[in-house]
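Accompanying notes for the structure given below.
The values are calculated or read from the model by the stated rules, or taken from the named source; none is laboratory data. Since the model is a prediction, treat every value here as computed from it, not as a measurement. With ideal geometry, Cβ positions are generated from the backbone for all residues, glycine too; neighbour counts draw on all protein chains shown.
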Amino acid sequence: MSAKALVTLTAGFMIFWSFFPKGAGALDLKDEIELGREVFRKVQENYRFLNSPEVNFYVTELGNKLVKNAESIPYKYKFFVIDNDIPNAFTIPGGYVFVNTGLINLMTNEGELASVIAHEIAHAQARHIHRQLEQQKTLMVASLAAILAGALIGNPQLAQAITTGSIGGAQTVALSYSRDHEREADQIGLRILTTSGYSPYDALSAMQKLSQKQWQGRPGNYDYLMSHPGIAERIDYLSVVAKKLGSSSEKKSIGLFPYAKATILGITNDISGLDRIIRDAQQLNYDTPVVAYAQGIRALGMGSIYDAANYLETAWQTQRGNIFIATKLSEVLVRQRQYEKANSVFTQSLSLSRENPILHYRYGIILEENERFSEALEHYEKALSYSDFFIDIEYHLGTVLGKLGRLREAHTYLGDHYAKIGDQRLATFHYEKALSLASSQQDKDLIQRKLTNLKRRGEQDQPKERKF
């Protein structure tokens, strides 16, 4: 996290407490969830989310699998992938869990990634942030006073220096709490991991990889200014527990992990990274589709669309229900203008996975491009309940509904799209247009609520474009 982002997020916590009644009791779950929504907005403004529905869906499915084995579930968990090379993961109030692409790239199997996500779920399950906020309430108010002092002085550099210093002071006082929380999260996370069918050695190997990258640490000062306890301490603990719970010879879980990793490397056109996946997959005797998929992504990066199509079709013939293979193959076929063949890929894949929102969304795009608007609409609607995965699904819905002459619905969805990406002007335009076209009182009330919420958000702050 950049210094600017850190100040922004911490200020969000402090502002929250400044409105919290003096002498109030414990922070309840409702307040914590509301705080989470506000912090999430700050995360959206300061981080770039990965624009890959397939990877986002995979991480969410993996996270949900782990959540099912948590002992208590205080929130409805949501998982997001941030496009950032730093290997990291974090959680915020309300059950929001974030995973960096750098973390996925660093891991070598699904179990290792699952171990880090399980650790973050453990933080949320134990409500560590809730407990930390309760303990740091007076520190946060003091830090807010420092920020206001810097602002009143009128010196941005001084304001930032004061803010940074006050945050550092608050962090130093509170570190003894977070260390205890981290140890507890390691214990809870390991239970979640092993109950979900993964080896405890996955957690150990993940921590060893993070140690090599000096994750969230500073050389020579690992145990002092870190939000997590010392890496060496955690490795020692995990090593002892892993020996008690499992065998190092256990088969590693493959799942869709190598496909997600290859997709991320393809987005950045990391040819050497793809070569490593191919080499590692061959050494570990992974199934042929993994190698063929990575070779297909590599070929695309090298500009050889013909070779990419051949590799991807080889992979798809073995795993027709694999969303990574199906969507990437169809994308290549469309680029080759082989629309009927792309259509066949989706129809066969959907016959094996009828409810998969990624397949419906991708198929909808192909149908829309071929002006089969009614069919596209049907598939977009089936994917809509997973709209967090798609930055533009509301835009596509608005477009096809407009083509079909359903203008009130079209403008409503277009308003939703622009509200989602932070363009208040265009969102207002489309909502007002939809309101003028609405005939039923129910529709008018719905659109008016959207306008009211949009206006309220605009009054709170100037919305920034969501980064994808």
*Check on GLY458, in contact with a Ser or Thr (Cβ under 9 Å, 6 or more places away or on another chain) and either within 30 Å of GLU375 (Cβ to Cβ) or modelled with pLDDT under 95 (or both)*: yes
*List every residue pair whose Cβ atoms sit under 9 Å apart, with the two residues 6 or more apart in sequence or on different chains, where the first one lies in segment 308-328 and is assigned by TED's automatic domain parsing to the domain that holds GLY364 and part of a helix (DSSP H, G or I) and the second, anywhere, is surrounded by fewer than 17 Cβ atoms within 10 Å (Cβ to Cβ) and among the aliphatic types (A, V, I, L, M).*
ALA308/MET302
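This table checks each residue for (1) over 23 Å from GLN125 (Cα atoms); (2) among the β-branched types (Val, Ile, Thr); (3) touching a helix residue (DSSP H, G or I) at 6+ places or on another chain (Cβ under 6 Å).
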{"site": "LYS42", "(1), (2), (3)": "no, no, yes"}
{"site": "PRO53", "(1), (2), (3)": "yes, no, yes"}
{"site": "PHE57", "(1), (2), (3)": "no, no, yes"}
{"site": "THR60", "(1), (2), (3)": "no, yes, no"}
{"site": "ASN64", "(1), (2), (3)": "no, no, no"}
{"site": "GLU71", "(1), (2), (3)": "no, no, no"}
{"site": "LYS76", "(1), (2), (3)": "no, no, no"}
{"site": "PHE80", "(1), (2), (3)": "no, no, no"}
*Out of HIS379, HIS360, report the one residue that is in contact with a Gly (Cβ under 8 Å, 6 or more places away or on another chain) and in a helix (DSSP H, G or I).*
HIS379
*What tally of residues in segment 244-269 results from selecting those that are at pLDDT 85 or above and surrounded by fewer than 17 Cβ atoms within 10 Å (Cβ to Cβ)?*
3
_Here is a check on your reading of the model: is TYR361 crowded, with 19+ Cβ neighbours inside 10 Å, modelled with pLDDT of 95 or more, touching an Asp or Glu at 6+ places or on another chain (Cβ under 9 Å) and aromatic (Phe, Trp, Tyr)?_
no
*Go through the residues of segment 393-409 one by one and say whether even a single one is within 23 Å of the chain's Cα centre (by Cα) and surrounded by fewer than 19 Cβ atoms within 10 Å (Cβ to Cβ).*
yes
*List the pairs whose first member sits in segment 364-391 and is under 30 Å from PHE98 (Cα atoms), whose second member is surrounded by fewer than 16 Cβ atoms within 10 Å (Cβ to Cβ) and of a type outside the set (Val, Ile, Thr), and whose Cβ atoms are under 6 Å apart, counting only residues at least 6 apart or on separate chains?*
ILE391/PHE468
*Of all the residues that make up segment 44-81, how many are over 9 Å from the mean Cα position of the chain (by Cα) and part of a loop (DSSP other than H, G, I, E, B)?*
13
